[in-house]
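> Submitted below is the structure of interest, expressed as structure tokens.
Bear in mind these aren't lab numbers, they're just calculated from the coordinates by the rules spelled out. Since the structure is predicted, the reported quantities are computational estimates derived from the model, not experimental observations. As a convention, Cβ positions derive from the backbone with ideal geometry for all residues, glycine included, and neighbour counts pool all protein chains shown.
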Amino acid sequence: MKRVHLLFIGAGPMAEAIFAGVLQHRPEMAITVSNNKDTNRLEQLKNHYNIETTSNWKETVTEVDVIVLACPPSAHPDVLEQLHPLLKKDQLIVTVAAGIGPSSLEAALPKGTATAWLMPNTSADVGKSMSIYAFGEDVTEEHKKVFTSIASAIGHAQELTEEQVHNLTAVTGSAPAFLYYFVEALEQAATSYGITSEQARKLVIEMVIGSAAMLEKYRDPKGLRANVTSPGGATAAGIASLDENGFTDSLMKAIHATNKRAKELGSS
Ligand SMILES: NC(=O)C1=CN([C@@H]2O[C@H](COP(=O)(O)OP(=O)(O)OC[C@H]3O[C@@H](n4cnc5c(N)ncnc54)[C@H](O)[C@@H]3O)[C@@H](O)[C@H]2O)C=CC1
Ligand SMILES: O=C(O)[C@@H]1CCC=N1
């Protein structure tokens, strides 16, 4: 079988997490990484991962099978315009950008171009991304095979419709930040009782890791919560306070605000 060659346009942490997973799980694939200006970053990545890098992706674009756009949404119009005249038949164009679904890629690229949208999260760094994805109209079974081997190299992946990826970007892509924010708040609460920030960090992080392991084992957040919440006990008072202060409503609003912004970014 022909060696699949991936070109990353964008060399930030998301690109790095994806190609690091691919290098580990699909070592048969060739990787070239590029960005628009930071040549030091490319040099570091080249030395660390022993991959090809280029500061002029246009020179490489005709040689590759898959082009992964890992640059910000705002860079897409310009990058897609530059890509348009260079694309060859059978190449697959994947974006990981918030708000930019396959229909946006198709509108900007030659008719018939195979496109896909991968929405990962930063847990790709440890091979535990929960990624969601959608395909464009013109992907073949072969494109799908290559795409899923990339997506599965960084963790779990679930195919959805384009609209669903738009609406769930907040839940899988951004919510890790909400969880880390929750951890920061608990650390702050812990230090307010006179322990050091190192002690607070250990208490909170180990509590979260333990809770995540319980979720992984039992997959029943409501039941697990009930087991912690002794009737008339201390936890019940805390949950009641969260409810009184609009915990679920506040989270729903955060999800809506995130998705609204992602759509704005994708259409700018
Ligand atoms: N960070 C996250 O948790 C997630 C990010 N994403 C998406 O992944 C993409 C990248 O994210 P990060 O790596 O965090 O961003 P970043 O901003 O740290 O990195 C972006 C990279 O793109 C390069 N770049 C910018 N303009 C360019 C251009 N015109 N041509 C070529 N390269 C260009 C930059 O030099 C940089 O290497 C974004 O589109 C974001 O929406 C998706 C899911 C999660
Ligand atoms: O903040 C952002 O725009 C991206 C989308 C998902 C996670 N980070």
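> Say each of Y180 and E159 gets a label point 7 Å from the Cα, pointing the same way as Cα to Cβ; how far apart are those two points in nm?
Going by the 7 Å Cα→Cβ label model, 3.2 nm.
> Quick check on the exposure proxy: order L265, L215, L118 from fewest to most C-beta atoms within 10 angstrom.
Ordered from fewest to most neighbouring Cβ atoms within 10 Å, L265, L215, L118 come out as L215, L265, L118.
> For a quick protection proxy, order the peptides 201-211, 242-252 by their average other-Cβ count within 10 Å, most packed first.
Final packing ranking: 201-211, 242-252.
> Quick check on segment 1-90: take the gyration tensor over C-alpha atoms, sort the square-rooted eigenvalues as a ≥ b ≥ c, and tell me if it's rounded (a/c under 1.5), prolate or oblate.
oblate
> Placing +1 at every Lys and Arg Cβ and -1 at every Asp and Glu Cβ, with all other atoms neutral, what dipole size does the chain have around its Cα centre, in debye to the nearest 20?
It comes to approximately 260 debye.
> Continuing with the same structure: Quick one: if the Förster radius is 45 Å, what FRET efficiency do K144 and S241 give, using the C-beta to C-beta distance and rounding to 0.05?
0.40
> Can you put H166, H256, H25 in order of Cβ neighbours within 10 angstrom, beginning with the fewest? Walk me through the numbers on the way to the answer.
Values: H166 21, H256 12, H25 15.
Exposure proxy ranking, most exposed first: H256, H25, H166.
> Which pairs in the list K2/K89; K88/K263; K89/K263 are over 21 Å apart, alpha-carbon to alpha-carbon?
From the list (K2/K89; K88/K263; K89/K263), the Cα-Cα distance tops 21 Å for K88/K263; K89/K263.
> Quick check on the chain: helices-only [θ] at 222 nm, where DSSP H runs of length 4 and up contribute -39,500 (n - 2.57) each and the sum goes over total residues. Nearest 500, please.
The helix contribution divided over the chain gives -16000 deg cm²/dmol.
> Using Cα springs under 10 Å in a Gaussian network model of the chain, which residue among R41, R26, R225 shows the largest mean-square fluctuation?
R225
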